[in-house]
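Here is the structure we will look at.
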Amino acid sequence: MARTIFLTKNLTKAIERIKEPSHFLWDKCIGNEVIESTVEIEIHTKDAGRLRAPLVGRRDGLILVEKQEWASDKFAPPHIKLKVVNEAEEMFEQQFGRTEYDTTYSPGHAELAKELIKLKSIGYRTRIWMLAQILNTGICPLADGKAGITFNNTFAKEILSGSDLWSNASADIIGYIEEKQAEIQQTTGIVIDTLIISPDVTPYIMKNSSVLEALKQVNANTFQVDSTTQSEKRKKYKRIAYIPSLDVTIYSYRDWVKKIGDNDEGLLVPSKTIIGLQAGSFSCHFGSLALKSEPTAKKAMKHVAKEVVRSWTTDQTEDDELQYFSAPIILPDDAQGWFTSQVLV
């Protein structure tokens with residue numbers, strides 16, 4: 001009976017039922033998750049949403065829609081492939097003295113849950129890192145060694161200098177945010193409502209004359225309800241200000257990520273950095289996976305799922321393995337729908 005737990009379909013259902021941890025950056029940016037039925041995913045890198053067709057007479061010619069106004073490409077998402085030693089299967093086989101009639105929760109179940117949670121957590125953190133890469137560079141990473149997907153060829157982190165630096169108490173921070181907000185709204189229709197900043201920027205915002213003036217603009221019709229739970233407050237962010245005139249909430253955020261096998265930890269949002277975006281304006285798509293359910297299978301099966309887990313044994317290793325697969329790709333609603341700036345030196 002226990003052996004059926006390790007069928008690919010059952011392991012995949014089990015990991016699907018494990019709740020993902022809440023994470024500020026993911027929860028704030030990702031509006032929806034889509035499981036695709038195809039291996040390759042169509043990505044729109046430009047938007048023709050602002051185009052209007054000119055009106056012509058009945059006998060006039062047709063108007064050519066230039067390709068550069070609307071372009072799409074198909075990409076195979078990068079794969080996350082992980083494995084752990086399947087200690088749980090051996091525990092089920094040993095049963096630790098339990099009888100064949102004893103089907104209650106066992107140490108084998110506990111070990112399997114522990115292994116699945118570990119795999120799911122690493123996969124989730126990898127997607128958060130992918131999101132951070134897009135926010136900071138405008139490029140969605142693909143497999144190591146391959147060029148990533150560039151959504152907008154003109155995207156670049158703006159580096160402020162001179163009197164525009166936010167370390168200058170008289171710098172027009174509100175004016176800068178308002179300018180970026182208007183620029184992106186005019187280009188894409190997206191209205192920036194969230195500003196994520198590295199903690200080293202926070203003191204300069206709270207002492208800035210333009211910010212202090214904007215924070216005075218509070219009346220009976222302008223307020224924010226703090227619905228943050230205690231568990232969320234223990235996360236790696238702080239809500240530090242709400243600018244009523246712009247309808248922008250400012251968050252201070254810091255978190256690190258470390259690649260497997262690497263001792264160096266990197267910041268998801270670099271120091272001296274701000275990121276402006278509309279909450280929920282990104283989506284995560286999961287490509288389908290073609291995998292064999294067991295080593296002796298002749299053909300790979302198509303799995304339309306967010307994550308797939310299989311039990312695997314080969315002649316190359318004495319250990320049974322739990323193998324984890326996922327093919328995520330993160331897409332912005334619009335290639336020009338956010339900005340990143342370095343505001344300190």
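Just so you know, all these numbers are worked out from the coordinates, no wet-lab data involved. Owing to the predicted nature of the structure, the values given are computational and were not obtained by experimental measurement.
From largest to smallest, what semi-axes in whole angstrom does the stretch 233-307 give when each is the square root of 5 times an eigenvalue of its alpha carbon gyration tensor?
Values: eigenvalues 318, 77, 20 Å².
Output for the stretch 233-307: semi-axes of 40, 20, 10 Å.
In this structure, the pairs whose alpha-carbon distance is over 22 Å, taken from Lys9/Lys259; Lys74/Lys302; Lys238/Lys272; Lys9/Lys114, are Lys9/Lys259. Scattering from the stretch 110-166 was approximated by placing one identical point on each alpha carbon and applying the Debye formula without solvent; log10 I(q)/I(0) at 0.22, 0.26 1/Å stands at -0.89, -1.01.
Would you work out the Kirkwood radius for the stretch 271-345? I mean one over the mean of 1/r across all pairs of different Cα atoms, in Å. Intermediate results must be reported in sequence, preceding the final value.
Values: mean 1/r = 0.0619 Å⁻¹.
Result for the stretch 271-345, one decimal place: 16.1 Å.
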